[in-house]
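These notes concern the structure reproduced below.
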Amino acid sequence: YEHFFIIREALTNHTVCVNWSVYGQFFFNIILFPLYVLQRFSPINDQLIILALRYVSTVSAALTVILTFGLARRYFGRLVAWMSSLLLMVVPFIFNFWSVTSHPDALQMFTVTGSLFAGSEYLLSKKKRWLIISAAFAGFAFSTKYAGLFLLPVIWLVCLRVFEESPSTLKKELSHLPGLLSALRLMLATGVSFLIAFFITSPCLLLDWDF
């Protein structure tokens, strides 16, 4: 019931600064923003709040399964993709539990998986926008709980291309100023993408550091 009262209090006070400081606030704000819009047209009842809290977890879990399928299919083929998705849906009881419960873990799993998916797309396509998207999903994950913060160093290692070059080739390329500046610009861009995603989804943490 704690999450319900947090949402109800925020709607009553017309604020995005929810009374919650255990971790990020994306889980609450992804519910609050559409409810604020609906509240302009009709009153928000308790049942709708409870359904919204559960639907976020359910949709997040479903999207996690879809991304898992896409990631496994890209690297291991269709059979492994189907097996991975089915095992994820059936075997881990805790996954099914959080999929229908008001809790940010399902949303965190989706955002972390989204970051890994986008990062893998960058490694295959070399299109920098995928790395920016990966950093944004890491920011969303950090805004949900703390796991997203640990994705950023991995993304920066990808910027330095340590996963695709031999040590000698990498050292030679980064020893030249243009190659080094290109890597640093990409690291800066991913860092900015991470911070923008974090503060957009947890704006109260930017507005009130003492909260």
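The values are calculated or read from the model by the stated rules, or taken from the named source; none is laboratory data. Computed from a predicted model, the values in this text were never measured in an experiment. Cβ sites come from the backbone with ideal geometry, for glycine too, and all protein chains shown count toward neighbours. Ligands, DNA and RNA are stripped out before the accessible areas are found, and what is left, the full protein with its side chains, is counted by its heavy atoms. Shrake-Rupley method; radii C 1.70, N 1.55, O 1.52, S 1.80 Å.
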(Q) Checking the conditions here, which among LEU38, LEU53, LEU32 is out of contact with any Leu (no Cβ under 9 Å at 6 or more places or on another chain) and modelled with pLDDT of 85 or more? (A) LEU53
Q. Do you know which of the residues in segment 51-73 that are surrounded by fewer than 15 Cβ atoms within 10 Å (Cβ to Cβ) and among the aliphatic types (A, V, I, L, M) is nearest to SER99 (Cα to Cα)?
A. ALA62
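In segment 164-211, what residues are assigned to a loop (DSSP other than H, G, I, E, B) and either among the polar types (S, T, N, Q) or modelled with pLDDT of 85 or more (or both)?
SER166, SER175, SER202
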Q: Please report, ordered by residue number, the helices (runs of 4 or more DSSP H) entirely within segment 74-154 with at least 2 residues that are open to solvent by 50 Å² or more (accessible area, probe 1.4 Å) and charged (D, E, K, R).
A: 128-144
